[in-house]
Structures are given as C-alpha cells and as structure tokens.
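Okay, structure first, notes after.
The values are calculated or read from the model by the stated rules, or taken from the named source; none is laboratory data. All of these numbers come straight from a predicted model, not from anything done at the bench. Here the Cβ is made from the backbone with ideal geometry for all residues, glycine too, and neighbour counts use every protein chain on show. To get the accessible areas, we keep the full protein, side chains included, count just its heavy atoms, and leave off ligands, DNA and RNA. Shrake-Rupley method; radii C 1.70, N 1.55, O 1.52, S 1.80 Å.
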Amino acid sequence: MGFLAPLFLAGLVGIGLPVWLHLLRKQQETPVPFSTLMFLQKTEQRHTRKKQLRHLLLFSLRVLIVLLLALIFAQPFYRESLAVTQSSRLLLVALDSSLSMRREGLAEAARREALAVVDSNAGKPIQVIEFAHGATMLTEVTVDADKARDAIRSWKPGYSNGSFAELAQAAASIHANEKKPLDLQLISDMQATGMPASFEESALPPGTELTVHGVGVAKQDNWSIDSVVAPSRVTPGAKVLVRAVLASYAGEDRDLPLGLYFNEAKVASASVKLKAGERGEAAFAEVEPGPRWTRGEVRVESTDAQPEDNRFAFALEKTDLRTVAFVSGAAVNLSAKYMETALAAIPNTLYRFQMLAPGQLSEDNVRTFAYVVVDAGTGVFPAIQADLSRYVRAGGAVWILLPRSGAPGGKIPLADTTLLSMSQGAERGELRLDTLAQAHPILEGLEGLRGVRFLSAWKVDENGFTVLARLGDQTPVLLEKQVGDGRVLLLTSALDSASNDLPLQPVFVPFMERVSRYLSGLTARGSSRHIDDFFEIRAPGATGAAAGYEVTDPAGTRLVSRAESLSTEGVVLKEPGFYRVERVGGREDLVAANVGARESDLTRMDDAALALWKQSGGEAVAADRAEDARDSERRIPIGWYGFLILAGALMAESVVANRFWRRSSEGGS
C-alpha cells in the first residue's frame, strides 16, 4: 500500500478535535435545588474529579471521520503485479544469416543458442528475425514460445554479405513500431567485416540491451577467388584467356592449385603462390569455349574453412559476327567511313559493317541485321519507310543521323518529328556537349563525351522522345523513342568531321561499342554478378509481348514466368550458380552469380569495438530497467472506498449526536 500525496497525512493531528470536545472541554454543571445550608457546618473538603471521556460511540465516530478525511486526501493505493505479457521490454532474437554462418557446425550451434534464449524467456513477448544483406521478420511479436521455436528450427543461413548496420536499422524500426526498449539477443559469428565504415550506421536504438551469443572460433584460415577476368562473348574459333585474382586470409603462405572448368569438364590447370594476407593472380592457357553457351568456373582445388568462396563462375556466349547496315543515298559517305573504322577497332568486336543503297534494303533482309543506321538525306526514307516501320514495331532498332542538307519544317519519318532550326551557336563552332543522361547504358561512364564540339545540330520537336544528351544551348543531340516493341535513336547531327569532332575523339570507339550493344540487344554485361545484385533483364519502359521472358535459378526452379515478366524488370540473385533467361523468339541468356569477397575474411570483431557497440544503445538501459520494475506493478486507488466509509460515518455521527443531544435536552428540562 502507498500514498500518492503522503503530506496530507499530517491532517491526522485533527484527531485532537474530538478529544478536546469529549475530554478537555470544561464540563457544564447542572444546578440542583436544595434546602437551607444553615444547619450544615462549613469545612474544607478536598476532592479530585477524574475527567473521563463521555459518549464513547460518538467520540469514535468523530475520530473515524477525521482519520478518513486525512487518508482520502493522501490518495491511498495498493499495488497489484501485472501479467508477464504486459512487460515493457521486447525480447528480440536476431540470427545472422550471412555466408560465413554456413561454415561447418555454425548453423546448428546458432539454433541451439537461439532455442536456449527462447526457453529461458518463455511467456515473454518475443520476436525472431534474421539479417544479412537485409533483415527479415521470421515471426511477429508473440508470447507463443512454440512459434518462435518453429521459426528458429526452420531457419538456415544464406549466401549474402553480413551487415550489422542492417540489424541496427531493423531494430530501430521494431523499436519505433512497438514503442518498447529491446533486449537484443544476437546469435552470430561476429565477423568484423559486418561493421559498416561509419559507426553511426550501426548505432542501436535507445534503451537497447545487447547480449551477444558468439558461435564459431575467433579466427580461421581461409582464401578466396575475388574475381575472374574473362570475355562475356566470343566469336566462333576464338580462344579465351582467363585470369583469376585470389586473396589470402590465412596466417601463412600457401601454394594453391587451380582448375578451369568449361561445362563441368576440366580444360586447364594453374597454380599460384599466395602470401599470407595478400593477393595474387593466376592465368590459364588460352582455351576455346564450347558451342553457344559455356558455363565456366575457376576452382581452388584445396579445402579451407569456407568452400563457397573457392569457386567463381562466369558465362561465355559464342556468337556470330552481327551485321550493322548503313543506308545512304550517297555513294561516298564520311559518316559511314568513320563508323566502319570504329566498329572494326572494338576489341573482340562482334560487329561487321555493310553499306546499302535504299533500294537494297527489303523486308526480308532487314531482319538479319543487328540494327540499321539511316543517313536521313534527300530521297532515302520514301523507299525504306514501310519496311523499317514494320521492322521497328516488331522489336528492331534504327539509328537516324540528320545531315546538314535538311530544311526547317522537314519531317523525319519513323521518328515522327519535325526539323525546327539549326543551332546558331553550333554553326559558329561555339557549342559543346554539356548535359548527359549518365545512367543510360550508352552514356554511363563516358565522361569523355563532355566537351565534344559540334558544328551542326538540328533543333527538333522533342515530343515523345527521351533526351540523352544536349549542347550548351540546350539543343538536343541524342534522343530515344520507343516505337512499338522496338526503338529509334536520333542523332541531330552526322558522324563526320564536318559536323562535329566526335569521330576524332578517343571516346568515339567506346561510344560506338555502347550504341551497337544497346541497339542490337547485346547490352554490355560482365561475365558474372554477385549475390544480392539486381539483374535487369527488361529495359525500363519496354512493353509488349516482345519484352517477355522466363527466368530459372541454378536449381532449375522457375523464378519468373512469361506473364509475370511483363510487370517485372529483373530478378535479385540469391544463390550462387547460373541463372537462365529465355526470351521471346527463343533467344537465351545466361548469367553467373558468385558470393561476395567480403565474407571471406573470418576475423571476429574485437572486444573494444563490441563494447562500444553495446554502449550505443545502453545509455538508457538502467533507467528503462527501473521503469520496467515500476511498470510491472499496477497501482489501484482505494480512495473511493474511503468516500463510501466516510459517508456512512457522517450519517452515523449525525444520528448518534442527535440522539445524545435530545437526551441531554430532556434531562435538562
């Protein structure tokens, strides 16, 4: 029992009032008639009169009234323990699902630790999550320990890089939603590489008490294949040179044997002397890949603590040279000459050049080209417009060049735009490329395009186009438009030295390679990706049946159906191995996914860093614990009962006092 306002208990001194009324107050003497006193002898009589309480029932009621008044104002209450489910703290069990937790015995040890935590906190509110590249809720907040146990037993680690920043972010979100401080029970091998570069990113929410259940040993020797350098596409008969970069996370030097495998068959061997804590490179003899697609893999043929990073997969496609058609009404065309030279200069080029007169392009042969370039001079489009329109709408690609010979107001078929005027600054040679859409596959990383000088460039109606590059006066230079299932690329200039100096710049060959790969559908891609990468399959904005595809994972399970692909631009790579993409028309793509190199360093976080991390959320833990102890009890006021007793006492006092008063009056009369 307690009092919310104990100072009012000082009112208990008021009990002296009924005492004074019944004991200390001067007693009133009642005169009694008597005969003469003349026959009585006067003497001195000593007597003592003992003062006694009178009217004890009335006295008791008045004392009770004063006592109740003091207690009521002091607001008495008694404490009642709350149920455990009303605890103000949430038990959060976090399981590390990163690649390093796949080492032998670690997953089983983590499950045992997590189950022990649940068993020792049965009946408390609990939530189970897993974290690595991101965080996933395995259960909602629950007091059902069996649900938590089932989630822990079915949990298994994945292939992602671990990140304690992701755990901190998940804990902050749960703390904000539940509005409760957290008892964070972390089950992990506590890999040092899991901490972000900025410590603030891993800071725990206020009031979080972190308890670490470490599994595994503090340090294990390991080595890994960090990367493999190999072409993604080769022409028939070509041999490939494959190089591998390896890293050591061991305490001693080691000679490592390596094997190169094509379609699970070993085709070459190599070895590398890897010094402790350093990197090394190995190269394999040139080997000709298999037909069409080759599933390549470099393997370390030696065992260590983590076998998943001892192999690195890559995909090789064997493809015929693809023809780029250049349609022009002129027998000699400088743009064609520069383009032919650039395509031939691309390393391991996949393209060959063919120049055509308008009459040589037909509906039959247009479908055989990688893409078509049109020099939009006088008289070119009327002969080819119908065939090109059907070609583009069916999924083909056309690149239109605008020469000086055009006239304002002229229409550009297929692009559905109008020539407005020639850029005046460009005519004086004063304008250069200024604004680039750097996220576009053609322009990404090509900073050398900035500053290219233009002598002629047309201002056109931009309606329906996406502008990829502009001059300093905002004249559009490179534009793109979706037409049916295909695309049209528009250059508002020509590709000759009389129109601009782009063909004279070192960036021209990489630019032509990017354009060719983009328009032919052979977008530049590495021979491999990493786990948790997003593999973009359908270009953003692409629509129609030709944009459909199917994806199967390394186990052969279909991840995306053709119908689902129309609303999905790609997939996230979650497992190592080869993902197969089958597009409309039977065209096939293959992409290899590999584990990240960050998980290969198995060094555990040091004690100083761990102590600092615990303190990031522990400043308010003591206060929260005290508040938790207070909040574990419920205060139930009992003042209302005092009011009821007081009302009864007042009524009783009134009745009793009235009765004594009447008796006193009758006796006096």
Query raised in the report: Across region 599-616, which residue is nearest to A171 (Cα to Cα) among those that are open to solvent by 20 Å² or more (accessible area, probe 1.4 Å) and among the small types (G, A, S)?
Result: S616
Query raised in the report: Within region 430-463, can you find the residues that are open to solvent by 50 Å² or more (accessible area, probe 1.4 Å), assigned to a loop (DSSP other than H, G, I, E, B) and modelled with pLDDT of 90 or more?
Result: D461, E462, N463
Query raised in the report: Residues in region 170-180: is at least one at pLDDT 95 or above and closer than 26 Å to R529 by Cβ?
Result: yes
Query - Complete set of residues in region 297-344 that are out of contact with any Lys or Arg (no Cβ under 7 Å at 6 or more places or on another chain), acidic (D, E) and open to solvent by 40 Å² or more (accessible area, probe 1.4 Å) - result: E301, D320, E340
Requested in this report: With respect to L356, determine if the residue is of a type outside the set (V, I, T), crowded, with 18+ Cβ neighbours inside 10 Å, at pLDDT below 90 and over 16 Å from L414 (Cα atoms).
Outcome: no
Requested in this report: Run N177 past the list (1) without any contact (Cβ under 8 Å) to a residue 60 or more places away in the chain; (2) touching a Pro at 6+ places or on another chain (Cβ under 7 Å) and report the number of the one that doesn't hold.
Outcome: (2)
Query raised in the report: Restricting the first residue to region 494-509 and requiring it to be touching a residue at least 24 places away in the same chain (Cβ under 8 Å), which pairs with a second residue that is surrounded by fewer than 23 Cβ atoms within 10 Å (Cβ to Cβ) and in a strand (DSSP E or B) meet a Cβ separation below 6 Å and a spacing of at least six or different chains?
Result: D501/R453
Query raised in the report: What residue, of L489, L522, L479, L471, is farther than 22 Å from Q385 by Cβ, touching a Phe, Trp or Tyr at 6+ places or on another chain (Cβ under 7 Å) and open to solvent by less than 10 Å² (accessible area, probe 1.4 Å)?
Result: L471
Requested in this report: Kindly provide the set of residues from region 328-347 that are within 18 Å of L361 (Cα to Cα) and hydrophobic (A, V, I, L, M, F, W, C), ordered by number.
Outcome: A330, A331, V332, A336
Report task. Residues that are more than 46 Å from the chain's Cα centre (by Cα): find the strands (runs of 3 or more DSSP E) completely inside region 291-390 holding 2 or more of those. Result -> 322-327, 351-356
Query - Hits in region 217-269 - residues which are outside any strand (DSSP E or B), at pLDDT 90 or above and within 18 Å of G577 (Cβ to Cβ) - result: N263, E264
